[in-house]
1. Hey, with R₀ at 30 Å, roughly what FRET efficiency would Lys113 and Thr86 work out to, going by the Cβ-Cβ distance, to 0.05?
2. Within the set of other residues whose C-beta is less than 10 Å from the C-beta of Gly187, count the net charge using Lys and Arg as +1 and Asp and Glu as -1.
3. Which residues among the stretch 167-199 fall inside the zone where the amide N is under 19 Å from a point 7 Å beyond the Cα of Val62, along Cα→Cβ?
4. Full-extension gain between Ser154 and Thr49, please, as 0.36 nm times their residue separation minus the C-alpha to C-alpha distance.
5. By what distance, in whole Å, do the Cα atoms of the stretch 51-163 stretch along each of the three principal axes, largest value first?
6. Report the label-to-label distance for Glu78 and Arg180 in nanometres (one decimal), using points 7 Å from each Cα along the Cα→Cβ vector.
7. Per DSSP H run of n ≥ 4, the term is -39500 (n - 2.57); total these for the chain, divide by its residue number, and report the mean residue ellipticity at 222 nm rounded to 500 deg cm²/dmol.
8. Treating only the Cβ atoms of Lys and Arg (+1) and Asp and Glu (-1) as charged, compute the dipole magnitude of the chain about its Cα centre; round to the nearest 20 debye.
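What follows draws every value from the coordinates through simple rules; no lab data is involved. Model, not experiment: these values are computed from the prediction. Cβ placement follows ideal geometry from the backbone for every residue including glycine, while neighbour counts extend to all protein chains displayed.
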Amino acid sequence: MPHGPLSLPARLCLLAWDAARPAAGRTALRPGLVRAGALVELAQRGLLTDVDGIATPVDLDVSAGDPVLDGLLDLVRESCPHPWRTWVTLRARVTSDAVREQLVAEGYLRAEKRRVLGVFPSVEYALERAAAVAALREETRRVLRGPLPAAGISERDAAVALLAAAADLFGESTPEQRTRELTERAGAATPGQGSIVREVSRAVTAGRAGAASP
């Protein structure tokens, strides 16, 4: 995918954006999905690891060089130990809001100041680079559908597609075999990383099911 500068959580934020309703970003944003992307990227970079099911910083001083990822890394370091599933939702809006502001700064989103009832200041967000996001969506669909072998897909692209499918962003099912292949590919960097990807993906799916419940 030609979206190298975009982090994994930034890509997921854009994929979840409802382009048909430009000002819907406040409600359409999925904090748990964006947080899941940040967790997986930190794991892929070797900055978070799994210790008996707990998301654990590998080093207390190393940074990711990305303000959103570093913000989450600091939060994990300063908090009580939690399993991966908990971190998908715990204070997830902190991460999603930071990603949204990052996308505004990079020109993917536009912030529009408004006044509610003509009095109270408010900010709404609109998609600015719709063509780039449409291309990202189509490329992610191709990763999910194939026919490119999983081995030929980057770990980051595999993770984006897997989490997008877990959140049901495209409204279509992914074959179980393809899901297994993408999970293995997304977690191929280090031993045990596949279990992190699976746990985070399951949390995203569970969060989607919970949101759909009455």
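1. Given R0 = 30 Å and the Cβ-Cβ separation, E is 0.30.
2. 0
3. Within reach of a label on Val62, which here means backbone N under 19 Å from a point 7 Å along Cα→Cβ, the stretch 167-199 contributes 187-197.
4. Working: separation 105, 0.36 × 105 = 37.80 nm, distance 1.99 nm.
Between Ser154 and Thr49, full extension yields 35.8 nm more.
5. Answer, in whole Å and largest first: 53, 43, 24 Å.
6. 4.3 nm
7. Working: 10 runs with 118 residues, N = 214.
So the helix-based figure for the chain works out to -17000 deg cm²/dmol.
8. 780 debye
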